[in-house]
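The values are calculated or read from the model by the stated rules, or taken from the named source; none is laboratory data. As the structure is a computational prediction, the values presented were derived from the model and not from experiment. Don't worry about glycine lacking a Cβ; one is built from the backbone with ideal geometry, like all the others, and counts go over all protein chains shown.
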């Protein structure tokens, strides 16, 4: 590794400088380290081939006799995937009729397809992709469109990770939002309140320690509580198994920007 770093410092010092700055200004995020975005964007986009290997005298080539595919696209996954008698690669709950030479990937829901040929169909909790196999690389244009339209799908998933666990949006309308919240053992949410929404909590697994205003109480499986608008509250898992609750929000503004955080064990900003 020291030899590689020495070569980088000699032949590509801009890369080294950008990486050092990205590391120096980075910060811990959940259980991983997040490099500083602006510093890392300043790093030249050069491969190790051009940056070092074409210039150094300390490189060597060794013959490697093996198949290779970097699986960088859905088409590549079709090429290497196990195929049925009609040359389809199928994953998950998939029902097909008169489909051939296609890849169908179902993650959360059933895919039913009729009469497709040479297509890619990918279903996830976030979105569904449908494309001819020879045009799947054009997904980049859709990503650019999502970013240009400031769509949340360009930056966030349906399942969101937090230091204490995760939450996943199940249903949403103009005046209500339903989430599935999972809190890791020993973890707790910040003490917080909202000005534009109330919440109903139903415990479906584990045991919850609830703070609501001046009171504290335990909720077990199949028990529920109501958090009125504007009341400080906190959810905590002091048990040994993950705590899962269904949260129903109701109100005129259902956005995380409405949060007023009063205490937090993870060092996040207090309002």
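Looking at (1) surrounded by fewer than 13 Cβ atoms within 10 Å (Cβ to Cβ); (2) over 25 Å from the mean Cα position of the chain (by Cα), find the lone condition where residue 211 falls short.
(1)
Which condition number does residue 222 fail, the rest of (1) outside any strand (DSSP E or B); (2) in contact (Cβ under 8 Å) with a residue 40 or more places away in the chain being met?
With (1) outside any strand (DSSP E or B); (2) in contact (Cβ under 8 Å) with a residue 40 or more places away in the chain applied to residue 222, the lone miss is (2).
I'd like to verify a number: residues in segment 19-36 that are at pLDDT 90 or above and surrounded by fewer than 12 Cβ atoms within 10 Å (Cβ to Cβ), how many?
2
List the residue pairs whose Cβ atoms are under 6 Å apart, where the first residue sits in segment 241-261 and is on the phi > 0 side of the Ramachandran plot, the second is buried (at least 16 other Cβ atoms within 10 Å of the Cβ), and the two are 6 or more positions apart or on different chains.
251/197
Considering only segment 60-71, I want to know if a residue exists there that is surrounded by 13 or more Cβ atoms within 10 Å (Cβ to Cβ) and in contact with a helix residue (DSSP H, G or I) (Cβ under 9 Å, 6 or more places away or on another chain).
No; the residues of segment 60-71 include none that is surrounded by 13 or more Cβ atoms within 10 Å (Cβ to Cβ) and in contact with a helix residue (DSSP H, G or I) (Cβ under 9 Å, 6 or more places away or on another chain).
To keep it simple, each residue is scored yes or no on (1) in contact with a strand residue (DSSP E or B) (Cβ under 7 Å, 6 or more places away or on another chain); (2) under 30 Å from residue 184 (Cβ atoms).
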{"residue": "12", "(1), (2)": "no, no"}
{"residue": "26", "(1), (2)": "yes, yes"}
{"residue": "32", "(1), (2)": "no, yes"}
{"residue": "56", "(1), (2)": "no, no"}
{"residue": "64", "(1), (2)": "no, no"}
{"residue": "70", "(1), (2)": "no, no"}
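Going through 173, 224 one at a time, which residue ends up being surrounded by fewer than 15 Cβ atoms within 10 Å (Cβ to Cβ) and closer than 11 Å to residue 247 by Cβ?
Residue meeting the stated conditions: 224.
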